[in-house]
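Single-structure report; data block below.
The values are calculated or read from the model by the stated rules, or taken from the named source; none is laboratory data. These numbers come from a predicted model, not from an experiment. For neighbour counting, all protein chains shown are included, and Cβ atoms are generated from backbone atoms with ideal geometry for every residue, glycine included. Accessible surface areas use protein heavy atoms only, side chains included; no ligands, DNA or RNA. Shrake-Rupley method; radii C 1.70, N 1.55, O 1.52, S 1.80 Å.
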Amino acid sequence: MPNGTMMHLAVSPILDTSPQNVPEFNRLSSFAQKAEAAGLDMVLLADTATGSEDTQNQLVAFEATTLLAALATVTSRIGLVAAASTVAHQPYNLARRLASLDIISHGRAGWHATMAQAPREAANFSRPDGFSDDVFRRRTQEYIGIVQRLWQGWDAGALLFDKAGGRFHDPEKMHLLDHKGEFFSVRGPLNVARSPQDTPVLVLSGLSEADLDIAARTADVVLLDRPTEDAKARHDDLKRRVVACGRDPGAVKLLLDVGADVAANALETLFSSQSCDGFNIAIPPAAIDGFIGRVLPELQRRSLVRPDYPGTTLRSHLRLAGGAQ
């Protein structure tokens, strides 16, 4: 174990969404409950707004933030992270929705944003020609900054609800965003209270070289492509960038994407080489029993994963600062 730390584990359900096999909610709720019983950090819920003309695999059974809300009612500890497009949603609405979900889930919510533009997605939102790579990057960076600053618009204790004194909030603890940028104009603040974990967790993926500094400044979790020969160098480079931004290297967790057929030995080798802080395991719902029954006990036997949740919020699971732990 590097420096005595333990690996973080997330799971992403791979769904067969062909018309003859549309997954029911109870299968996904069972998946999340099993992952929670096993003590895994979080479930990542995919989403897409690209349509289905390419392949049936493009279909997604449920809109991810809606699914997060439903799963929050049948779980109580595991983190729930929803993918949501910066093209398909306005930043204020998305910030408000995720802040609400974080309150509903008692501090277990997160947002998965990608720096990679999905083909044809913009055509469903009045942009038939899409965006150039550079414009998409600048727009996404501005979007993420707006969302995070909206989440930070209310200091702890800002809402007083003082009926007798006629004070709803402390004006000195409310921060007006008043953002006027290249792509968005957002006044703020949110009309949702501060999150139980201060802000929902931000997960970033789809990073190119030009996106690494954005991730170092803003992300809580970065998803990296499947293990490669340069995994250690990639890990070290990202951590150096995090430090250069004035953040603690542990403030950003780097998770490697791996398949359902990965073995405990392979996970230990990658983790012990300090190539990552943990793993995001993409797995069909029906296969989670095999991972929990065979791979996870071996990782626990080797003291590579924690035995139980250390706190109540997703930030506490990931050893990230913020909010009630």
Checklist outcome for this item: Filtering region 295-325 down to residues that are touching a helix residue (DSSP H, G or I) at 6+ places or on another chain (Cβ under 8 Å) and open to solvent by 80 Å² or more (accessible area, probe 1.4 Å) yields Pro307, Arg319, Ala321, Gln325
Checklist entry - With respect to Ile288, is the statement that it is surrounded by fewer than 20 Cβ atoms within 10 Å (Cβ to Cβ), touching a residue at least 40 places away in the same chain (Cβ under 8 Å) and part of a helix (DSSP H, G or I) true? => result no
Checklist entry - Among (1) more than 20 Å from Ala10 (Cβ to Cβ); (2) touching a helix residue (DSSP H, G or I) at 6+ places or on another chain (Cβ under 9 Å), which single condition is Ala233 missing? => result (2)
Checklist entry - When you look at Gly246, is it more than 23 Å from Phe31 (Cα to Cα) and not in a helix (DSSP H, G or I), yes or no? => result yes
Item to check | Ala231 hydrophobic (A, V, I, L, M, F, W, C), on the phi < 0 side of the Ramachandran plot and open to solvent by 10 Å² or more (accessible area, probe 1.4 Å) | outcome: no
Checklist outcome for this item: Of (1) assigned to a helix (DSSP H, G or I); (2) under 21 Å from His89 (Cα atoms), Pro189 fails just (1)
Next on the checklist: Out of the residues in region 256-285 meeting the condition of being in contact with a Lys or Arg (Cβ under 6 Å, 6 or more places away or on another chain) and farther than 18 Å from Leu45 by Cβ, tell me which one is least open to solvent (accessible area, probe 1.4 Å).
Outcome noted: Ser275
Next on the checklist: Suppose we filter Leu254, Leu238, Leu212, Leu223 for residues that are free of Cβ contacts under 8 Å to residues at least 40 places away in the same chain and assigned to a strand (DSSP E or B); which single one remains?
Outcome noted: Leu254
Checklist entry - Residues in region 295-308: is at least one modelled with pLDDT under 95 and not charged (D, E, K, R)? => result yes
Next on the checklist: Quick test for you: out of Arg96, Arg127, Arg120, Arg108, pick the one residue that is buried (at least 18 other Cβ atoms within 10 Å of the Cβ) and basic (Lys, Arg).
Outcome noted: Arg108
Checklist entry - Hey, does region 263-278 have a residue that's more than 25 Å from Val201 (Cβ to Cβ) and part of a loop (DSSP other than H, G, I, E, B)? => result yes
